[in-house]
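The values are calculated or read from the model by the stated rules, or taken from the named source; none is laboratory data. This structure is a prediction, so every number in the text was calculated from the model and none was measured. No Cβ is skipped: glycine too gets one built from the backbone with ideal geometry, and neighbour counts run over all protein chains shown.
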């Protein structure tokens with residue numbers, strides 16, 4: 001789920017940034033510190049916005065930098081259990097499909113893709129259904145439900161997904177129109193009466 005959160009921090013502004021307007025210097029330093037980082041409480045921090053400060057800097061003797069209290073808003077993405085998400089399949093491996101969910105990636109284990117038995121095609125980077133012949137390949141857009149979350153560090157997070165529920169799956173599968181049977185039921189032909197006109 002995307003959200004705006006408010007964060008407070010003390011920012012060290014080095015002398016080389018003293019020539020910038022204070023808010024601009026604070027925003028630059030906060031963006032370097034926070035953007036692209038993963039926090040267990042707020043999720044993945046995407047963008048720093050709306051920085052404010054009382055403008056009163058503190059200087060530590062023997063150091064040329066100034067320290068400012070700052071409050072800023074950050075656009076974040078934090079996955080929630082049972083949340084329905086859409087994303088792009090970025091990699092197919094033998095055990096499942098990795099899906100890009102905004103700033104984070106999730107995994108749909110092969111057992112959670114569909115009810116059909118899937119054959120892994122390593123050359124085509126795809127899965128093919130044994131009976132349904134449905135194909136899931138890199139670049140496909142899917143809708144899935146988040147079933148497990150473990151957020152640690154940016155490269156150590158684990159988000160488990162499933163598509164084995166109604167309304168979930170590759171978007172083409174969800175909106176697929178069922179094919180009608182080619183054999184139309186014929187009405188039985190009645191026998192003509194043997195009586196002719198008089």
Search result, residues across the stretch 142-172 that are at pLDDT below 90 and surrounded by 16 or more Cβ atoms within 10 Å (Cβ to Cβ): 151, 157
Of all residues in the stretch 25-50 being surrounded by 15 or more Cβ atoms within 10 Å (Cβ to Cβ) and assigned to a helix (DSSP H, G or I), the one that is nearest to the chain's Cα centre (by Cα): 34
Hits in the stretch 95-111 - residues which are touching a helix residue (DSSP H, G or I) at 6+ places or on another chain (Cβ under 7 Å) and buried (at least 19 other Cβ atoms within 10 Å of the Cβ): 96
Residues satisfying the stated conditions in the stretch 95-132, i.e. in contact (Cβ under 8 Å) with a residue 24 or more places away in the chain and assigned to a strand (DSSP E or B): 97, 99, 101, 104, 105, 106, 107, 108, 109, 120, 126, 127
Options 84, 45, 92: the member that is in contact with a helix residue (DSSP H, G or I) (Cβ under 8 Å, 6 or more places away or on another chain) and within 30 Å of residue 112 (Cα to Cα): 45
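Residues are listed down the side, and each one gets a yes or a no for (1) crowded, with 19+ Cβ neighbours inside 10 Å; (2) not in a strand (DSSP E or B):
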{"position": "3", "(1), (2)": "no, no"}
{"position": "7", "(1), (2)": "no, no"}
{"position": "16", "(1), (2)": "no, yes"}
{"position": "23", "(1), (2)": "no, yes"}
{"position": "52", "(1), (2)": "no, no"}
{"position": "61", "(1), (2)": "no, yes"}
{"position": "82", "(1), (2)": "no, yes"}
{"position": "92", "(1), (2)": "yes, no"}
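Would you confirm whether any residue within the stretch 133-141 is surrounded by fewer than 16 Cβ atoms within 10 Å (Cβ to Cβ), assigned to a strand (DSSP E or B), without any contact (Cβ under 8 Å) to a residue 24 or more places away in the chain and in contact with a strand residue (DSSP E or B) (Cβ under 8 Å, 6 or more places away or on another chain)?
No, the stretch 133-141 contains no residue that is surrounded by fewer than 16 Cβ atoms within 10 Å (Cβ to Cβ), assigned to a strand (DSSP E or B), without any contact (Cβ under 8 Å) to a residue 24 or more places away in the chain and in contact with a strand residue (DSSP E or B) (Cβ under 8 Å, 6 or more places away or on another chain).
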